[in-house]
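First the structure, in the form of structure tokens, and then the observations on it.
The values are calculated or read from the model by the stated rules, or taken from the named source; none is laboratory data. Treat the numbers as computed from the prediction; the structure is a model and nothing was measured. With ideal geometry, Cβ positions are generated from the backbone for all residues, glycine too; neighbour counts draw on all protein chains shown.
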Amino acid sequence: MVQAYILIQTEVGKAAAVAAEIAALTGVVTAEDVTGPYDVIVRAEAADVDELGQLVVARVQGVPGITRTLTCPVVKL
């Protein structure tokens, strides 16, 4: 199991709608509006890195209102 945080920047005024739509995607554990340089932070999980990549590129980045994403995989040190 691979887990990651996805930091998302949105168009002005779109954070709530983006978070709500992303929260419904399979593989998304949480999607929350935040303040600061990012507008939405998502916690996601997938079976492997390839599946995580498909989630981010094919589904998350396809949500209207997103301008940029940064995916941060969780590591166990």
Residues of region 1-28 being in contact with a helix residue (DSSP H, G or I) (Cβ under 9 Å, 6 or more places away or on another chain) and within 13 Å of residue 45 (Cβ to Cβ), which ones? 2, 3, 4, 6, 25, 26, 27, 28
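Looking at region 42-60 only, could you name the residues that are touching a helix residue (DSSP H, G or I) at 6+ places or on another chain (Cβ under 9 Å) and of a type in the set (Val, Ile, Thr)? Please lay out each step first, then the result.
Looking only at region 42-60, we keep the residues that are touching a helix residue (DSSP H, G or I) at 6+ places or on another chain (Cβ under 9 Å), and these are 42, 44-46, 59-60.
Those that are touching a helix residue (DSSP H, G or I) at 6+ places or on another chain (Cβ under 9 Å) and of a type in the set (Val, Ile, Thr): 42, 60.
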Residues 44, 24: which one is under 10 Å from the mean Cα position of the chain (by Cα) and either at pLDDT below 95 or not polar (S, T, N, Q) (or both)? 44
